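One structure is given below, represented as structure tokens, and several questions about it will come after.
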Amino acid sequence: VAGPYDEDMLDVDWNTPAWSGGVDDGRVSVVKTDGGNKAVAVRYPEGEYGTSETGAQWKLMFDDSHDHVRLSYRLRFLAPFDFVRGGKLPGLIGGEGNTGGGIPDGTDGWSARMMWRVDGAAVQYVYHPDQPQHYGEDLPWADDGDPIRFEPGRWHEVVHEIRMNK
């Protein structure tokens with residue numbers, strides 16, 4: 001059913017996430033797509049920034065038995081969408097889930113999330129032991145050297161695939 005997406009729906013659809021943000025704030029809804037399918041829509045209000053005011057997130061917990069993890073999803077930014085500076089999209093984290101500054105030491109976790117940057121440039125935003133600065137490293141997505149960009153109004157398929165160094 002199209003309409004608001006709430007915590008009860010989140011629990012059913014995502015096996016009761018450890019925590020969430022943005023759902024109870026009314027920034028998530030179910031919408032019908034052009035092809036008649038349903039999609040989860042997340043609002044990024046114009047002029048706002050930060051996770052307390054934009055987007056949504058939830059954390060799923062897995063045990064440590066996985067040596068290979070794959071996440072894929074389709075997304076579309078409604079036109080017109082002004083990418084401005086950047087924003088985070090769903091991705092994967094492990095261990096302590098290093099985010100928000102600090103360099104992982106190789107035993108305390110990692111993160112690999114998708115982001116958009118200026119003009120919709122797609123990057124993999126990664127926290128890893130060899131990152132060159134305090135905050136994560138942008139690994140640009142490119143095709144023959146040209147940046148891959150998200151285009152408003154077009155569906156894009158994103159695939160994250162992580163293999164653990166065990």
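The values are calculated or read from the model by the stated rules, or taken from the named source; none is laboratory data. Being a predicted model, the structure only gives us computed values, none of them experimental. When we count neighbours, we look across all protein chains shown, and the Cβ atoms used for this are built from the backbone with ideal geometry, even at glycine. These area figures cover heavy atoms from the full protein model, side chains too; ligands, DNA and RNA do not enter into them. Shrake-Rupley method; radii C 1.70, N 1.55, O 1.52, S 1.80 Å.
Between K38 and R74, what is the label-to-label distance in nm when each label sits 7 Å out along the Cα-to-Cβ direction?
Each label point is offset 7 Å from its Cα along the Cβ direction, giving 1.6 nm.
Just the number, please: carbon plus sulfur as a percent of the accessible area of the chain, 1.4 Å probe, no ligands or DNA/RNA counted.
Working: 5300 of 11020 Å².
Result for the chain: 48 percent of the exposed heavy-atom area is carbon or sulfur.
Let me cross-check T16: its accessible surface, 1.4 Å probe, with only protein heavy atoms counted, in Å² to the nearest 10?
90 Å²
Give me the accessible area per residue for the chain, probe 1.4 Å, as a whole number in Å². Provide the component values of the computation, followed by the final result.
Numbers: 11020 Å² over 166 residues.
Ligands and nucleic acids excluded, the result is 66 Å² per residue.
Can you pull the Rg over Rh of the stretch 4-56, Cα-only, Kirkwood?
Working: Rg = 11.9 Å, Rh = 11.9 Å.
The Rg/Rh ratio comes out at 1.00.
If you take the charge dipole of the chain about its Cα centre, with +1 on Lys and Arg Cβ and -1 on Asp and Glu Cβ, which of Q131, V40, G50 is farthest toward its positive end?
After comparing all options, I get V40.
Which whole-Hz couplings ³J(HN,Hα) result when phi for each residue of the stretch 81-87 is put into the Karplus expression 6.51 cos²θ - 1.76 cosθ + 1.60, θ = phi - 60°, listed in order with x for Gly and Pro?
10, 9, 5, 6, 8, x, x
Can you list the residues, at least 5 places off or on another chain, whose amide H is less than 5 Å from the amide H of G109, using H built in the peptide plane?
Result for G109 returns E96.
Moving to a separate point now. Using Cα pairs closer than 8 Å and at least 6 residues apart in sequence, work out the relative contact order for the chain, in percent. Spell out each step's value before the answer.
On the way: 313 pairs, mean separation 32.4, N = 166.
Relative CO of the chain lands at 20 percent.
Would you work out if the chain is rounded, prolate or oblate? Take a ≥ b ≥ c from the square roots of the eigenvalues of the alpha-carbon gyration tensor; rounded if a/c is under 1.5, else prolate when a/b is larger than b/c, oblate otherwise.
It comes out oblate by the Cα gyration axes.
How much of K59 can a 1.4 Å solvent probe reach, expressed as accessible area in Å² and rounded to 10?
My reading of the accessible area for K59 is about 60 Å².
Still on this structure, I have one more. Given springs between every Cα pair under 10 Å in a Gaussian network model of the chain, which of Q57, Q133, Q124 has the largest fluctuation?
Answer for the Gaussian network model of the chain: Q133.
What residue among V40, V28, V12 shows peak mean-square fluctuation when the chain is described by a Gaussian network model with Cα springs under 10 Å?
Taking springs between Cα atoms under 10 Å, the residue moving most is V12.
Now for a separate question. When the chain is fully extended, how far beyond the present Cα-Cα distance does V118 get from T16, taking 0.36 nm per residue of separation? Show your work: numbers first, answer last.
On the way: separation 102, 0.36 × 102 = 36.72 nm, distance 3.41 nm.
Full-extension gain reported as 33.3 nm.
Need one value: the accessible area of D105 in square angstrom, 1.4 angstrom probe, rounded to the nearest 10.
Result for D105: roughly 100 Å² accessible.
Here's something else I'd like to know. Only Cα pairs within less than 10 Å get springs; with that Gaussian network setup on the chain, which residue of G55, G36, G153 has the largest fluctuation?
In this elastic network of the chain, the residue with the biggest mean-square fluctuation among G55, G36, G153 is G36.
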